[in-house]
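The values are calculated or read from the model by the stated rules, or taken from the named source; none is laboratory data. The shown structure was predicted, so the numbers you read here are calculated from the model rather than taken from an experiment. Note: ideal-geometry Cβ built from the backbone for every residue, glycine included; neighbour counts use all protein chains shown.
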Amino acid sequence: MLNADTIFFHQVSEIPFMDLANNLDKARPTKGSEARIKWLGGDSETGPWVYYIEHPAGAIIKPHKHHAPRIEYVLEGEIEFFLEKDAVSWFRGDKSIQGSIHSDGSLSYVPSGTVYAYRITKASKLLHVFFENPVGRTVHIGIDDDTDASKSTISQH
């Protein structure tokens, strides 16, 4: 069994996209998302927690925060990244807020508890590495929720 104590290699092109119905222990896109995900990690209990994700242009990743830090690498494409209160205000319709643009080769590190959101400005291929399993520990902030993410409900991401 692959886990954080095992050396392993994956060829991304040889890994199938996840059948979400059969992988309830893995992170999943929010309802309505067109994201396609490949699980590149080890055991879902011990990690590492690594995901390859393809998003179409125009996709919105709603404001949320994770229980643990995460690293994201933009393999291909472009995202517009929004942080903290700006992420929430942008998602709620404030068109005056502009995020930071990140394209091929960009790497981001987001500490645990940081609220962020982004828009996929060009079809993108992303690599996500989580420091803990994000399933059931991601807090999403909806349009009508209080801006304080600690009051939001926890749902799978």
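Key figures
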{"quantity": "Conditions (1) crowded, with 18+ Cβ neighbours inside 10 Å; (2) of a type outside the set (A, V, I, L, M); (3) under 18 Å from Leu127 (Cβ atoms); number of the one not met by Phe8", "calculated": "(1)"}
{"quantity": "Test: residue in region 81-90 that is closer than 30 Å to Leu2 by Cβ and either at pLDDT 95 or above or among the basic types (Lys, Arg) (or both)", "calculated": "no"}
{"quantity": "Residue in region 14-31 that is among the hydrophobic types (A, V, I, L, M, F, W, C), outside any loop (DSSP other than H, G, I, E, B), touching a residue at least 12 places away in the same chain (Cβ under 8 Å) and within 22 Å of Phe131 (Cα to Cα) present", "calculated": "yes"}
{"quantity": "Entirely in region 58-120, the strands (runs of 3 or more DSSP E) that have 1 or more residues that are aromatic (Phe, Trp, Tyr)", "calculated": "70-83, 107-110"}
{"quantity": "Any chance Asp104 is surrounded by 17 or more Cβ atoms within 10 Å (Cβ to Cβ) and over 12 Å from the mean Cα position of the chain (by Cα)", "calculated": "no"}
{"quantity": "Scope region 19-30; condition farther than 22 Å from Tyr116 by Cβ and buried (at least 19 other Cβ atoms within 10 Å of the Cβ); matching residues", "calculated": "none"}
{"quantity": "Top-ranked residue of region 31-56 - restricted to ones that are crowded, with 16+ Cβ neighbours inside 10 Å and at pLDDT below 90, ranked as nearest to Gly142 (Cα to Cα)", "calculated": "Ser33"}
{"quantity": "Output for region 42-57, where each listed residue is assigned to a loop (DSSP other than H, G, I, E, B) and in contact with a Gly (Cβ under 6 Å, 6 or more places away or on another chain)", "calculated": "Pro48"}
{"quantity": "Filter result (part of a loop (DSSP other than H, G, I, E, B) and not aliphatic (A, V, I, L, M)) within region 1-13", "calculated": "Asn3, Asp5, Thr6, Phe8, Phe9, His10, Gln11"}
